[in-house]
Amino acid sequence: MSLLSRLFAPSTSHEMASLVTAMLSDPERPAPRSLHRPGAGRGPNGHGAHARALPTRQGGAVRRVPIGPRGLGTSAARLTAPPSAPPPAAARPAGHAITAPPDAASLLTGRTARPGRRLPSGPTGLGSSGLRIAAAPPAESARTDDDSARRDEKPSSVPELYCPPAIRDDPALGEEVNERLVAWAEEVGVYPGQLDRVRAAGFGRLIMLAHPETDDADRLLAAAKCALAEWSVDDHYVDGEAEEADPERLGQRLAIAFAAIDPAHLPRRYAPQLAETLRDDPVMTALSDSLDNLSRYASTAQSARLQHALSIMFVAYNQEAVWRTTGQMPSVWEYLMHRHENSFVPCMVLIDVLAGYELPPWEFADPRVRRAFTMAGSASVLLNDLYSMAKEDPEDTNLPRVIAAEEKCSLREAIEASARIHDELMHTFEEEAAVLAVNGSPALARFLAGVWAWLGGSREWHSTTGRYHGAPVQ
């Protein structure tokens, strides 16, 4: 089920919808608002955190948002910054060991991800001041005021979804991006007759929340165009949300559509026929136009990242079509692999593009970086799975339903298991990204901080959009 169809499906009344609604209606879910306060408070020496900042608009006022390097272990990265250019291959032997510093999770966010580790004093999370490594005291002394308060709360049978809050919220900026996005959708011809639904989805707000390092509406719009073009492939070709889907032609249409992303160079006699096909299909026009617009801000290597991520997503769309046409229920491992390939990663690869710097290609391609990064993408799309279930038909494929079918367990147990899987991915990203930030370049530390901010912005959009919660976002 595509993102847009999930947003606008009517709320259902089956058992799964009731369970998910109860789970996510608690204001403390999907995580306490106090988790990973960005830049809050003062450091242990009485001084606030220092970082370069840029002004952003919020309700007519100007406030400042950190633009790094900051958080996620960046202080340590600054102390031992490697050269800005990639070292020679001889200096970077394949598979060389990275050693984890003590308490790696606290280097990432200032908050421990596992019981028994010390919570540092002072500001926590993105924007915290520096790297603090301390020997872990007895577990009893690791309790915080938040922990004490939670002990008094009514226990819940569903695990709390572990995810940070948004770094910033600028409704006016989000609305500006959203309106310009709808105008562009009308111009290229995607979602004909459904532009009010596109507007109500608030995708401009999602991009604003997920990219707090810039308040440049043009840059944010570039990312929003790419996202909407990507999702239009699903809605037009796969789910049939915007036009009647034709599963038998899906592979053919995706193969041709990819020529709008990564241009195919045909012999002179045949090139006009391909160009005409691309021009006459609104989805292909949207893909081509969004990539052309992105090239104003992205380097060749950054654009290639997005092309690669979209090729993976197109493969996953074909996999989903097989499930639909054959009535096949995937196993849990296959569904999770599908979510690895069909996730928010194509949106997230633009983090440094929008922030105005470039993560070196050799660092982005490092298997350890890719492992952490794609885990974050999977966690984010599983959060979407959980939020959208109350809008889905009980026959739609989602992680809880797949788990329930394979494990022969109740829906409640399957939702609990899904939440645990989400949390495992988040904790693993948190810990591995902390180590990578310390050992990598300042650009890598900044990029990983941007991933953490993206997760928080996506979580905020999912937890506040009127599409999932019945009241429009103001």
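Work out the FRET efficiency for Met329 and Arg268 from their Cβ-Cβ distance, taking R0 = 35 Å, and round it to the nearest 0.05.
Using R0 = 35 Å, I get an efficiency of 0.10.
Normalise the Cα radius of gyration of region 292-435 by 2.2 N^0.38 Å (N = residues in it) and let me know the number.
On the way: Rg = 16.8 Å, N = 144, 2.2 N^0.38 = 14.5 Å.
Cα-based Rg divided by the globular estimate yields 1.15.
So what's the gap between the Cα centers of region 415-445 and region 323-343, to the nearest angstrom?
Spelled out, the Cα-based centre of one part sits 23 Å from the other.
Whole-Hz ³J(HN,Hα) for each residue in region 346-353, computed from phi via Karplus 6.51 cos²θ - 1.76 cosθ + 1.60 with θ = phi - 60°, x for glycine and proline: what do you get?
Coupling constants for region 346-353: x, 6, 6, 5, 8, 4, 6, 4 Hz.
Rounded to whole Hz and in sequence order, give me ³J(HN,Hα) for region 275-287 from the Karplus expression 6.51 cos²θ - 1.76 cosθ + 1.60, θ = phi - 60°, writing x for Gly and Pro.
Karplus-based 3J(HN,Hα) across region 275-287 equals 4, 5, 4, 5, 5, 7, 9, x, 5, 5, 4, 5, 4 Hz.
Work out how far the C-alpha atoms of region 268-347 reach from end to end along every principal axis, then list the three figures in whole Å, largest first.
Principal extents (largest minus smallest coordinate, Cα): 44, 30, 20 Å.
Roughly how many nanometres apart are two label points built 7 Å out from the Cα toward the Cβ at Glu186 and Thr428?
It works out to 4.5 nm between the two label points.
Efficiency by 1/(1 + (r/R0)^6): what FRET value for Arg370 and Gln319, r their Cβ-Cβ distance, R0 = 22 Å, to the nearest 0.05?
Values: r = 20 Å, r/R0 = 0.92.
The calculated FRET efficiency here is 0.65.
Each value in this text was obtained by applying a stated rule to the coordinates, not by laboratory testing. Given the structure is predicted, the values throughout are model-derived calculations rather than measurements. Because the Cβ atoms are built from the backbone with ideal geometry, glycine has one as well, and the counts that use them run over all protein chains shown.
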